[in-house]
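A.B. asks: Below are the structure tokens for one structure; questions will follow.
The values are calculated or read from the model by the stated rules, or taken from the named source; none is laboratory data. All of these numbers come straight from a predicted model, not from anything done at the bench. Virtual Cβ from ideal backbone geometry, glycine too; neighbours counted across all protein chains shown. These area figures cover heavy atoms from the full protein model, side chains too; ligands, DNA and RNA do not enter into them. Shrake-Rupley method; radii C 1.70, N 1.55, O 1.52, S 1.80 Å.
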Amino acid sequence: MKRMLTGNASAAWGARISEVEYIGGYPITPQSEVVELLSKWVAEGAMNAVYTNYESEHSMFAGVGAASLSGVRAFTSTSSQGLMFAIEMLYAIAGWRAPVVFVNVARGLGMPMILQVEHGDIMGIRDTGFLQLHAETCQEVLDFVPMAYRIGEDRRVMLPVAVNMDGFLISFGREPVDVPDKELVRDFLPKYNRPYPVVDFSNPVAYAPTIVDGYAYMYFKEQLQKAQERAREVFYEAAADFERIIGRRYEPIERYMLDDADYAIVSTGSYSTIIRGAVRRLRERGERVGMVRIRMFRPFPRDEFVDALSGLKGVAVFDQNISLGKGGVIYTELAEALYHAKERPRVLMSFIGGLGGAEISFDAVRYMLERLKDAVASGEEPRNPNWLFSEEDRRRLARALKLTLGEEVISE
Amino acid sequence: MIIRVRLHGRGGQAMKTAGRVVGTAAFLEGFRAQDSPMYGPERRGAPVASFLRISDEEIAERGYVWSPDIIAIADPTLIGDPRANVLDGARQSTAAFVNIPTLDGIRVGDLTRLTNYDVTRAAIRLLGRAVLSSGVAGAVVKLLPISRQSLEEAVKIEMEDIGLKEREIDLNVKLALECFEGTPRVPVEPLPTEELQQFRAVELGWQPPEVSIGLIRNVGNGVEKMTGSWRVSRPVIDYSKCTRCGVCFDYCPEAAITLAGPDNRPVIDYDHCKGCLICYNECPVKGAITVEEEGLAEKVASGGVV
């Protein structure tokens, strides 16, 4: 049944239809609505779950991780500064192999403080051991929650999963969303079955040992990497079952208009809607351009990218994040993925834009394509990264700086 | 030529400082030198190791000494402690210094080049307590091509660095020189770098969650670890003064005190009592718990030494 839902409500519905048994909550804009809804449903008895309000995100992740170790399906959500505060516990949860699912609502990282979208928070946890699914739409937010549990709880994986959506645009934005019946989801998602729960008092176990020897530490880290690698095959199995039972099909990357394309733009998250629309219109003008969008960011869909981008003349990567001192995160990872590809694209260009919800228009996408084509034609190494900062942005900035500094420092 | 030394002791015996004294002495002697310690999150009494590399060529090594040419053992009860790995990578030709009054009846694996001195007794006599850094350093320097003068200077530098006063520094110099003189020299045969263990890569592959999740299924195995050997001082209960109030039982952080018998008398499990003396400090009755120095002979007799 379809209804108008925000991304936050979609996340809450995702947890509800996944029949989560434990929820940890702590408010932060633009995420609070997720846990507000879940708390309401638990209070009304619509969900058979325990809901706990925490005093911080750090404690909250510790709590949901421990709940997961006890053998119940645990859920939480946070955003931005809250995620950064909790990051130590993320490594712990992954190390415990506790398949918690959390929804991150992407928001920039201060200073300067901002509430709007940027991917620095979700990219900032890319090394923790969490799998990552990136949603573009409210529907994907909802669908990715049961998908995340299915993949994370698989015996071959046993890892926590982060589902990412963009702050405001998706978290507060509404669009029609299909909420699958609980019975269908039960078919797709079996009950969580932990091999060694901590509350089996006949068979007690202890988690989180301290290790002094490097070889043992390295063994467990290597096992985390191996589990990440196996998550890829599990994603495909889960996606196939999801399509059969629920009727929607997901791949680790979305390929759009790539047949006979010479150029492609790579992106993730909600701005992909703008880029896809622009790509379609550029096609109508005769440009041989396509798009690749990331759905699964961890494990990184390296083989899929090699397959999708091999043979192209040039690829532009739109990063809505910045690894300061290096550049765009997706660009950097993609460059590695393509390094050994036999027919790797001649030019890989990096664009940074949309930080803090900055505008990306159809014409900005046209601009990226033009710059990419110029780089391919010139045969010279492109300068990276390139900032998508427009004349209109500069006019707005000039006015804002005049107000805050009391004098005109940039002319309109 | 690189000489690789590994020092084993317990937290509190100052083997980190002993390593630093030898490292500085080697540096003063004109060698290239490197020293570093290793310890876990545990407390006083837990096994601690420290490492030294002394060389007349570039030292292209770091950290743990896996193939020691010299092993120094500050506490003989460590020899039988599997967590201490005292014999890790030792060869029959590895020289071993043991802090013990006599080598009679002492075996350190199949090592043949053993030497000894009673550093603990000397330390208690000179310093009033069993801090062994300068003494073990003196004994180790005896086995190395390092002069008495460099040892003396190194002890002064390192003891001043940890904030000791002049009188204590002088006593530490005395201790180092006494142990230097008193330790019989045994030959040291450095292993050529080419003969260090070869690296052979293995592929472990994905392992099922039953073995790859970091958890302890064999719970309660802490009992098997005889932490009683960590003890330097032993709390002893005088049952004629003990009121059976149970405060020691409440405070013992290791659950090494149980209440037994019809009168609920506290009984100390000396296999696991680490000698933290919290019971002694918390006991409200004067004289009900007293402290005795731990005799090495008893610990050796109780099976600590292989």
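A.B. asks: Among the listed residues B:Gly135, B:Gly182, B:Gly222, which satisfies the condition of being within 14 Å of chain A (Cβ to nearest Cβ) and under 21 Å from the mean Cα position of the chain (by Cα)? First the steps, then the outcome.
C.D. replies: On the way: B:Gly135 fails: within 14 Å of chain A (Cβ to nearest Cβ); B:Gly182 fails: within 14 Å of chain A (Cβ to nearest Cβ).
Exactly one residue qualifies, and that residue is B:Gly222.
A.B. asks: May I pose another question? Yes or no: the range A:233-249 includes at least one residue that is within 14 Å of chain B (Cβ to nearest Cβ), within 27 Å of B:Gln207 (Cβ to Cβ), in a loop (DSSP other than H, G, I, E, B) and open to solvent by 50 Å² or more (accessible area, probe 1.4 Å). First the steps, then the outcome.
C.D. replies: Of all residues in the range A:233-249, those within 14 Å of chain B (Cβ to nearest Cβ) come to A:233-234.
Cutting the leftovers down to within 27 Å of B:Gln207 (Cβ to Cβ) gives us A:233-234.
If we keep only those that are in a loop (DSSP other than H, G, I, E, B) too, we end up with none.
No, that holds for no residue.
A.B. asks: Please specify each residue of the range A:380-412 satisfying the condition of being open to solvent by 40 Å² or more (accessible area, probe 1.4 Å) and either within 26 Å of the chain's Cα centre (by Cα) or in contact (Cβ under 8 Å) with a residue 12 or more places away in the chain (or both). Don't jump to the end; show me each part of the working.
C.D. replies: First, the residues of the range A:380-412 that are open to solvent by 40 Å² or more (accessible area, probe 1.4 Å): A:380-381, A:383-384, A:387, A:389-392, A:394-397, A:399-412.
Answer for the range A:380-412, where residues must be open to solvent by 40 Å² or more (accessible area, probe 1.4 Å) and either within 26 Å of the chain's Cα centre (by Cα) or in contact (Cβ under 8 Å) with a residue 12 or more places away in the chain (or both): A:Asn384, A:Trp387, A:Phe389, A:Ser390, A:Glu392, A:Arg394, A:Arg395, A:Leu397, A:Arg399, A:Ile410, A:Ser411, A:Glu412.
A.B. asks: Out of everything in the range A:206-222 that is of a type outside the set (A, V, I, L, M) and touching a residue at least 12 places away in the same chain (Cβ under 8 Å), what residue ends up being surrounded by the fewest Cβ atoms within 10 Å (Cβ to Cβ)?
C.D. replies: From the range A:206-222, those of a type outside the set (A, V, I, L, M) are A:207, A:209-210, A:213-215, A:217, A:219-222; that's our starting set.
Applying the additional criterion that residues be touching a residue at least 12 places away in the same chain (Cβ under 8 Å) yields A:207, A:220.
Details: A:Tyr207: 18, A:Phe220: 16.
Among residues in the range A:206-222 that are of a type outside the set (A, V, I, L, M) and touching a residue at least 12 places away in the same chain (Cβ under 8 Å), the one surrounded by the fewest Cβ atoms within 10 Å (Cβ to Cβ) is A:Phe220.
A.B. asks: While we're here: Restricting to the range A:274-289, name every residue that is surrounded by 17 or more Cβ atoms within 10 Å (Cβ to Cβ) and in a helix (DSSP H, G or I).
C.D. replies: Across the range A:274-289, the qualifying residues are A:Ile274, A:Ile275, A:Arg276, A:Ala278, A:Val279, A:Leu282.
A.B. asks: Okay, moving on. When the range B:37-60 is examined, which residues are found to be open to solvent by 30 Å² or more (accessible area, probe 1.4 Å) and more than 14 Å from every other protein chain (Cβ to nearest Cβ)?
C.D. replies: Correct list: B:Arg44, B:Asp56, B:Glu57, B:Glu58, B:Ile59, B:Ala60.
A quick yes/no check of all residues on (1) away from every other protein chain (no Cβ under 14 Å); (2) assigned to a loop (DSSP other than H, G, I, E, B):
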residue: B:Trp206; (1), (2): no, yes
residue: B:Asn218; (1), (2): no, yes
residue: B:Ala255; (1), (2): yes, yes
residue: B:Val267; (1), (2): yes, no
residue: B:Lys274; (1), (2): yes, yes
residue: B:Tyr280; (1), (2): yes, no
residue: B:Glu292; (1), (2): yes, no
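A.B. asks: Return the only residue of B:Val188, B:Val202, B:Val285 being surrounded by fewer than 18 Cβ atoms within 10 Å (Cβ to Cβ), within 30 Å of A:Arg230 (Cα to Cα) and hydrophobic (A, V, I, L, M, F, W, C). Working first, answer last.
C.D. replies: Values: B:Val188 fails: within 30 Å of A:Arg230 (Cα to Cα); B:Val285 fails: within 30 Å of A:Arg230 (Cα to Cα).
Of B:Val188, B:Val202, B:Val285, the one residue that is surrounded by fewer than 18 Cβ atoms within 10 Å (Cβ to Cβ), within 30 Å of A:Arg230 (Cα to Cα) and hydrophobic (A, V, I, L, M, F, W, C) is B:Val202.
A.B. asks: Among the residues of the range A:364-374, is any farther than 30 Å from A:Phe300 by Cβ and open to solvent by 10 Å² or more (accessible area, probe 1.4 Å)?
C.D. replies: We begin by selecting, within the range A:364-374, every residue farther than 30 Å from A:Phe300 by Cβ; these are none.
Within the range A:364-374, not a single residue is farther than 30 Å from A:Phe300 by Cβ and open to solvent by 10 Å² or more (accessible area, probe 1.4 Å).
A.B. asks: Being assigned to a strand (DSSP E or B), over 23 Å from A:Tyr192 (Cα atoms) and open to solvent by 20 Å² or more (accessible area, probe 1.4 Å) is the filter here; which residues of the range A:1-48 pass it?
C.D. replies: Initial filter on the range A:1-48 (assigned to a strand (DSSP E or B)): A:2-6, A:22-25.
Still in the running and over 23 Å from A:Tyr192 (Cα atoms): A:2-6.
Those that are assigned to a strand (DSSP E or B), over 23 Å from A:Tyr192 (Cα atoms) and open to solvent by 20 Å² or more (accessible area, probe 1.4 Å): A:Lys2, A:Arg3, A:Met4.
A.B. asks: Exactly one of (1) within 14 Å of chain B (Cβ to nearest Cβ); (2) more than 18 Å from B:Gln207 (Cβ to Cβ); (3) open to solvent by 40 Å² or more (accessible area, probe 1.4 Å) is unmet by A:Glu175. Its number?
C.D. replies: (1)
A.B. asks: If only one of A:Val292, A:Val317, A:Val306 is open to solvent by less than 10 Å² (accessible area, probe 1.4 Å), free of Cβ contacts under 8 Å to residues at least 40 places away in the same chain, in contact with a Leu (Cβ under 8 Å, 6 or more places away or on another chain) and among the hydrophobic types (A, V, I, L, M, F, W, C), which one is it?
C.D. replies: Details: A:Val317 fails: free of Cβ contacts under 8 Å to residues at least 40 places away in the same chain; A:Val306 fails: open to solvent by less than 10 Å² (accessible area, probe 1.4 Å).
The match here is A:Val292.
A.B. asks: Within the range A:209-232, restricting attention to residues that are facing chain B (nearest Cβ under 7 Å) and outside any helix (DSSP H, G or I), which residue is farthest from A:Arg155 (Cα to Cα)?
C.D. replies: Ranking the candidates gives A:Val212 first.
A.B. asks: Restricting to the range B:145-169, and then to whatever is in contact with a Phe, Trp or Tyr (Cβ under 9 Å, 6 or more places away or on another chain) and touching a residue at least 40 places away in the same chain (Cβ under 8 Å), can you tell me which residue is most open to solvent (accessible area, probe 1.4 Å)?
C.D. replies: B:Pro145
A.B. asks: Oh, and also: Would it be correct to say that A:Ile125 is under 18 Å from A:Gln228 (Cβ atoms), modelled with pLDDT of 95 or more and assigned by TED's automatic domain parsing to the domain that holds A:Pro197?
C.D. replies: Working: under 18 Å from A:Gln228 (Cβ atoms): yes; modelled with pLDDT of 95 or more: yes; assigned by TED's automatic domain parsing to the domain that holds A:Pro197: yes.
Criteria met by A:Ile125.
A.B. asks: So which residues in the range B:122-132 are under 19 Å from the mean Cα position of the chain (by Cα) and either β-branched (Val, Ile, Thr) or more than 13 Å from B:Gly19 (Cβ to Cβ) (or both)?
C.D. replies: B:Ala122, B:Ala123, B:Ile124, B:Leu127, B:Gly128, B:Arg129, B:Ala130, B:Val131
A.B. asks: Of A:Glu408, A:Glu343, A:Glu391, A:Glu370, which residue is farther than 30 Å from A:Gln81 by Cα and not assigned by TED's automatic domain parsing to the domain that holds A:Leu324? If you could, list the steps in order and put the result at the bottom.
C.D. replies: On the way: A:Glu343 fails: not assigned by TED's automatic domain parsing to the domain that holds A:Leu324; A:Glu391 fails: not assigned by TED's automatic domain parsing to the domain that holds A:Leu324; A:Glu370 fails: not assigned by TED's automatic domain parsing to the domain that holds A:Leu324.
The conditions single out A:Glu408.
A.B. asks: Of everything in the range B:117-138, what is over 16 Å from B:Leu7 (Cα atoms), assigned to a helix (DSSP H, G or I) and either open to solvent by less than 10 Å² (accessible area, probe 1.4 Å) or not basic (Lys, Arg) (or both)? Give them in sequence order.
C.D. replies: B:Ala122, B:Ala123, B:Ile124, B:Leu126, B:Leu127
A.B. asks: Shifting gears a bit: Which of (1) modelled with pLDDT of 95 or more; (2) open to solvent by 30 Å² or more (accessible area, probe 1.4 Å) is the odd one out, the single condition A:Phe188 does not satisfy?
C.D. replies: (2)
A.B. asks: Can you find, within the range B:139-152, the residue that is farthest from B:Asp75 (Cα to Cα) among those that are of a type in the set (Gly, Ala, Ser) and in a helix (DSSP H, G or I)? Even if it seems obvious, please write down each step before you answer.
C.D. replies: Our first condition is that a residue be of a type in the set (Gly, Ala, Ser); within the range B:139-152, this holds for B:139, B:147, B:150.
Those left that are additionally in a helix (DSSP H, G or I): B:139, B:150.
Numbers: B:Ala139: 14, B:Ser150: 25 Å.
So the residue we want is B:Ser150.
A.B. asks: A further question on this structure: Scanning for something touching a Ser or Thr at 6+ places or on another chain (Cβ under 9 Å) and of a type in the set (Gly, Ala, Ser), does the range A:102-109 turn up at least one residue? Quick ask: steps written out before the conclusion?
C.D. replies: Taking the range A:102-109 as the starting set, the residues that turn out to be touching a Ser or Thr at 6+ places or on another chain (Cβ under 9 Å) are A:102-109.
Checking the rest, the ones that are also of a type in the set (Gly, Ala, Ser) come to A:106, A:108.
Yes: the range A:102-109 contains one or more residues that are touching a Ser or Thr at 6+ places or on another chain (Cβ under 9 Å) and of a type in the set (Gly, Ala, Ser).
A.B. asks: Let me ask you something else. Check whether at least one residue in the range A:120-133 is touching a residue at least 40 places away in the same chain (Cβ under 8 Å) and more than 14 Å from the chain's Cα centre (by Cα), and report yes or no. Don't jump to the end; show me each part of the working.
C.D. replies: The first filter runs over the range A:120-133 and keeps only residues touching a residue at least 40 places away in the same chain (Cβ under 8 Å), leaving A:120-126, A:128-133.
Retained after the next criterion (residues that are more than 14 Å from the chain's Cα centre (by Cα)): none.
No, there is no match, as no residue in the range A:120-133 is touching a residue at least 40 places away in the same chain (Cβ under 8 Å) and more than 14 Å from the chain's Cα centre (by Cα).
A.B. asks: Of the conditions (1) within 23 Å of A:Glu287 (Cβ to Cβ); (2) open to solvent by 70 Å² or more (accessible area, probe 1.4 Å); (3) modelled with pLDDT of 95 or more; (4) within 22 Å of the chain's Cα centre (by Cα), A:Ala377 fails just one. Which one is it?
C.D. replies: Looking at each condition in turn, A:Ala377 falls short on (4).
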